[in-house]
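Participant: One structure is given below, represented as structure tokens, and several questions about it will come after.
The values are calculated or read from the model by the stated rules, or taken from the named source; none is laboratory data. Because the structure is a prediction, the values reported are computed rather than measured. Counting neighbours? That spans all protein chains shown, and the Cβs are built from the backbone with ideal geometry, glycine included.
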Amino acid sequence: MQPAIARRPRHTGARLFVQATLARTYVRIVGSLREPTWMLSDAIFPNLGMCAFVLLYRALGAPRAYEALAVIGGVLTTYWINVVWGMGAQLYWEKQQGQLQLYFAAPCSRLAILSGMALGGLAATMLRSLVGVAIGLWVFHIQVAPFSPWVLAGVFALTMVALYALGMTLASLFLLYGREAWHTANAMQEPVYFLSGLYFPIRTLGAVGSVAAGVLPLTLGTDALRQVLLGPTAQGLLPLGQEAIALAGFGALFLWLAGRAMAYLEALSKREGRLTQRWQ
Amino acid sequence: MAVTLGTLRGSLARARTAAWLGWQVEGNWADPVLFAIYVLARPLATALILAAMYGAVRGAPAGAPAAGGSGSGAPAAVFVGFYVANAFHAYVNTVLVGLGWTVFEEREEYETLKYVYASPVGMFTYLAGRSLVKFALATISMLATLLVGWFLLGVRWDWAYVQWLPLTVAIVAGLASTLFLGFLLAGWSLVLTRAAMVVLEGATLASYLLCGVIFPIDLLPFPVRWVALGLPFTWWYEALRRFLAGHGTPGLMQGFTDAQVLLWLGVTTVSFALLARWGYFAFDREARRLGRLDQTTLF
């Protein structure tokens, strides 16, 4: 006798990981498309700050190459904002919505969920960052040097892996905290823009810039992408090859750290009863 | 008379209570030192970005300046003006936009907006009390930015050129317009649901761009320039540059005398005060009609 409902095969291991990742990616992309106001804010707002900084360069009579530096930095803020608010603070949002416990009741790896969030966030943000590119090209008429699209794609991919792996690590940290998560995410905007030299050559910061490059993947990623797109006028910090290797190292380090941090902080949050605690 | 004094005393007591509550809401999650770091991190970082950009331009090799630029190596006084305006922009970010965030947090995050309405304090007095804390935070932020500029970055002005009376008038008018527009934005946030988040964030960034905080409004496209001239903050920042830093913005603003700048600051402030008074209560009525006061749509 046939059962009324056919029993579905149970997926485990790598297959479950991939399926959970794809499922979370789907939710992230669909979710980001369902709220038109958020699409608008993600696409437009990071570029308003960039416009102000480009106009400051014009007011100061800076060489045109500086405007291009600021535009590339402005485009990268779109990704950084997504990493901080869409990755780092995401589990805080989930906690506030009262559905964080569902993540932990699911039979899949937490890293699969985080990976899905990263992939979905990256895909959605790539579309929105095109607005910044369009403003740079057609409003400010920035000029780029001849470049290899393959090198650009490679450096961009390394930068994104490092950034979103950092986001996965931040998500684990924010799991433990309540309002601190909100304030920390806020504090990780302009200070990181400064330390990453998003709107000026990182060399301007001297030793501080070198230290920042050793800690923040955004600093190296910004510098590497500028070197690809602007050539010598980018005033790069390190040779491009070295920056690419460092970015790959950042990616591997943060992916490893995300797994460790998630396991540790999940246990700690459960022990302290903070996993489902809202408004703390 | 006794009734008037009693009413005034009651309003002040309610505002004081609301301010105390506001401080508890905003500051009770961390110790004061950590809280100060969080409060100062963003404005100081923005100031450092501006200083680094100026430093980069000064150290840049001579190149073709962009269209509309003032030529290689803009005078330091011009940059001082931008820096001062950026420091005072903390009031717009913290008070104006912060009042809208208050409504958003009370309704969406803490789900306590309906209790504020039901309390004897009332929403309007509650917002006024909360604004006191935000004014205090913005003042700390502004002073810290100016002090860091003065002592660490070399952003200085000649005190002999400071015009104290017009400066005082300008600061009072600027702060008043910040408060009035804050009420207008708070009222709008009452009507909006989760979209309030986007509107508030947008207001923060748009005000930075539209009011010519760090560049002359001449660089804005023509129609946007007229919008900028209609905002009190554009005139406020120009007045601060002239009466504190002793140097106005080059370009379009040079066509206005000091008295005209103050006049336009007064006119736009009064206009927006009237608009805000009407708008806040209109939004309040609309929010009640739509049942938005206890409608959570985000968390």
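Participant: Does residue A:189 meet the test of being in contact (Cβ under 8 Å) with a residue 60 or more places away in the chain and closer than 19 Å to residue A:53 by Cα?
Facilitator: Yes, satisfied.
Participant: Residue A:219 fails exactly one of the following numbered conditions: (1) more than 16 Å from the chain's Cα centre (by Cα); (2) more than 9 Å from chain B (Cβ to nearest Cβ). What is the number of that condition?
Facilitator: It fails just one condition, (1).
Participant: Testing residue A:111 on (1) under 18 Å from residue A:73 (Cα atoms); (2) more than 15 Å from the chain's Cα centre (by Cα), one condition comes back false. Which one is that?
Facilitator: That leaves (1) as the condition not met.
Participant: Let me ask something else. Report yes if some residue within the stretch B:143-152 is touching a helix residue (DSSP H, G or I) at 6+ places or on another chain (Cβ under 8 Å), of a type outside the set (Asp, Glu), within 14 Å of chain A (Cβ to nearest Cβ) and surrounded by 22 or more Cβ atoms within 10 Å (Cβ to Cβ); otherwise report no.
Facilitator: yes
Participant: Pairs under 6 Å by beta carbon, first residue facing chain B (nearest Cβ under 7 Å) in the stretch A:54-69, partner of a type in the set (A, V, I, L, M) and assigned to a helix (DSSP H, G or I), six or more apart or different chains?
Facilitator: As it stands, the answer is A:55/B:219; A:58/B:219; A:60/B:57; A:62/B:57; A:67/A:54, since those pairs meet every condition given.
Participant: So, residue A:82, is that one at the interface with chain B (Cβ under 10 Å from one of its Cβ atoms) and either modelled with pLDDT of 85 or more or under 23 Å from residue B:192 (Cβ atoms) (or both) or not? Give the steps one after another, and end with the answer.
Facilitator: Numbers: at the interface with chain B (Cβ under 10 Å from one of its Cβ atoms): no; either modelled with pLDDT of 85 or more or under 23 Å from residue B:192 (Cβ atoms) (or both): yes.
The answer is no for residue A:82.
Participant: Sort through A:261, A:246, A:224 and tell me the only one that's farther than 24 Å from residue B:45 by Cα and in contact (Cβ under 8 Å) with a residue 60 or more places away in the chain.
Facilitator: A:261
Participant: Name the single residue that is surrounded by the most Cβ atoms within 10 Å (Cβ to Cβ) among those in the stretch A:222-249 being in a loop (DSSP other than H, G, I, E, B) and touching a helix residue (DSSP H, G or I) at 6+ places or on another chain (Cβ under 8 Å). Give the steps one after another, and end with the answer.
Facilitator: Looking only at the stretch A:222-249, we keep the residues that are in a loop (DSSP other than H, G, I, E, B), and these are A:235-239.
In the following step, the residues that additionally are touching a helix residue (DSSP H, G or I) at 6+ places or on another chain (Cβ under 8 Å) were identified as A:235-238.
Numbers: A:235: 20, A:236: 20, A:237: 23, A:238: 17.
If we take residues in the stretch A:222-249 being in a loop (DSSP other than H, G, I, E, B) and touching a helix residue (DSSP H, G or I) at 6+ places or on another chain (Cβ under 8 Å), then A:237 is surrounded by the most Cβ atoms within 10 Å (Cβ to Cβ).
Participant: Among the residues of the stretch B:152-176 satisfying the criterion of being assigned to a helix (DSSP H, G or I) and at pLDDT below 95, which is nearest to residue B:265 (Cα to Cα)?
Facilitator: So, considering only residues that are assigned to a helix (DSSP H, G or I) and at pLDDT below 95, the one nearest to residue B:265 (Cα to Cα) is B:161.
Participant: Within the stretch B:201-211, does at least one residue satisfy the condition of being within 14 Å of another protein chain (Cβ to nearest Cβ), under 30 Å from residue B:161 (Cα atoms) and not in a helix (DSSP H, G or I)?
Facilitator: yes
Participant: Which one of these does residue A:41 not meet: (1) under 18 Å from the mean Cα position of the chain (by Cα); (2) farther than 18 Å from residue A:218 by Cα; (3) within 10 Å of chain B (Cβ to nearest Cβ); (4) surrounded by 22 or more Cβ atoms within 10 Å (Cβ to Cβ)?
Facilitator: Of everything listed in (1) under 18 Å from the mean Cα position of the chain (by Cα); (2) farther than 18 Å from residue A:218 by Cα; (3) within 10 Å of chain B (Cβ to nearest Cβ); (4) surrounded by 22 or more Cβ atoms within 10 Å (Cβ to Cβ), residue A:41 misses just condition (4).
Participant: For a quick check of your reading: which helices (runs of 4 or more DSSP H) sit entirely within the stretch A:41-120 and have at least 3 residues that are within 23 Å of residue A:194 (Cβ to Cβ) and of a type in the set (A, V, I, L, M, F, W, C)?
Facilitator: A:64-81
Participant: Can you report the number of residues in the stretch B:152-187 which are among the aromatic types (Phe, Trp, Tyr) and under 17 Å from the mean Cα position of the chain (by Cα)?
Facilitator: 2
Participant: Let me ask something else about it. Filter the stretch A:92-134 for residues that are surrounded by fewer than 20 Cβ atoms within 10 Å (Cβ to Cβ) and of a type in the set (Ser, Thr, Tyr); which is farthest from the other protein chains (Cβ to nearest Cβ)?
Facilitator: A:109
Participant: Across the stretch A:157-183, what is the total count of residues that are within 10 Å of chain B (Cβ to nearest Cβ) and either aromatic (Phe, Trp, Tyr) or over 20 Å from residue B:145 (Cα atoms) (or both)?
Facilitator: Going through the stretch A:157-183 one residue at a time, the tally reaches 5.
Per-residue answers, yes or no, for (1) surrounded by fewer than 22 Cβ atoms within 10 Å (Cβ to Cβ); (2) closer than 26 Å to residue B:183 by Cα; (3) under 19 Å from the mean Cα position of the chain (by Cα):
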{"position": "B:231", "(1), (2), (3)": "yes, yes, yes"}
{"position": "B:239", "(1), (2), (3)": "no, yes, yes"}
{"position": "B:268", "(1), (2), (3)": "yes, yes, yes"}
{"position": "B:281", "(1), (2), (3)": "yes, yes, no"}
{"position": "B:287", "(1), (2), (3)": "no, yes, no"}
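Here's the yes/no breakdown for (1) more than 30 Å from residue A:94 (Cβ to Cβ); (2) of a type in the set (S, T, N, Q):
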site: A:162; (1), (2): no, no
site: A:183; (1), (2): no, no
site: A:187; (1), (2): no, no
site: A:207; (1), (2): yes, no
site: A:217; (1), (2): no, no
site: A:229; (1), (2): yes, no
site: A:235; (1), (2): yes, yes
site: A:238; (1), (2): yes, no
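Participant: Ok, one more. Any idea which of (1) in contact with a Ser or Thr (Cβ under 8 Å, 6 or more places away or on another chain); (2) within 14 Å of chain B (Cβ to nearest Cβ); (3) in a helix (DSSP H, G or I) is the one residue A:197 doesn't satisfy?
Facilitator: Of everything listed in (1) in contact with a Ser or Thr (Cβ under 8 Å, 6 or more places away or on another chain); (2) within 14 Å of chain B (Cβ to nearest Cβ); (3) in a helix (DSSP H, G or I), residue A:197 misses just condition (3).
Participant: With the checklist (1) over 24 Å from residue B:180 (Cβ atoms); (2) assigned to a helix (DSSP H, G or I) in hand, flag the one item residue B:250 doesn't pass.
Facilitator: (2)
Participant: Right, next: Look through the stretch B:185-196, keep the residues that are more than 17 Å from residue B:288 (Cβ to Cβ) and surrounded by fewer than 23 Cβ atoms within 10 Å (Cβ to Cβ), and return whichever of them is farthest from the other protein chains (Cβ to nearest Cβ).
Facilitator: Of everything passing the filter in the stretch B:185-196, B:194 is farthest from the other protein chains (Cβ to nearest Cβ).
Participant: Then there is this: Would the stretch B:256-265 turn up any residue that is of a type outside the set (S, T, N, Q), more than 20 Å from the chain's Cα centre (by Cα), buried (at least 19 other Cβ atoms within 10 Å of the Cβ) and within 28 Å of residue B:184 (Cα to Cα)?
Facilitator: No, the conditions are met nowhere in the stretch B:256-265.
Participant: Against the condition more than 25 Å from the chain's Cα centre (by Cα), within 11 Å of chain A (Cβ to nearest Cβ) and either at pLDDT 85 or above or buried (at least 22 other Cβ atoms within 10 Å of the Cβ) (or both), how does residue B:56 come out, does it pass?
Facilitator: Values: more than 25 Å from the chain's Cα centre (by Cα): yes; within 11 Å of chain A (Cβ to nearest Cβ): yes; either at pLDDT 85 or above or buried (at least 22 other Cβ atoms within 10 Å of the Cβ) (or both): yes.
It is true that residue B:56 is more than 25 Å from the chain's Cα centre (by Cα), within 11 Å of chain A (Cβ to nearest Cβ) and either at pLDDT 85 or above or buried (at least 22 other Cβ atoms within 10 Å of the Cβ) (or both).
Participant: Could you tell me which of the residues A:197, A:154 is buried (at least 23 other Cβ atoms within 10 Å of the Cβ) and touching a residue at least 12 places away in the same chain (Cβ under 8 Å)?
Facilitator: Going through A:197, A:154 in turn, the sole match is A:197.
Participant: Looking at B:103, B:92, B:84, B:80 in this structure, which one is at pLDDT 55 or above and within 13 Å of chain A (Cβ to nearest Cβ)?
Facilitator: So the residue among B:103, B:92, B:84, B:80 that is at pLDDT 55 or above and within 13 Å of chain A (Cβ to nearest Cβ) is B:80.
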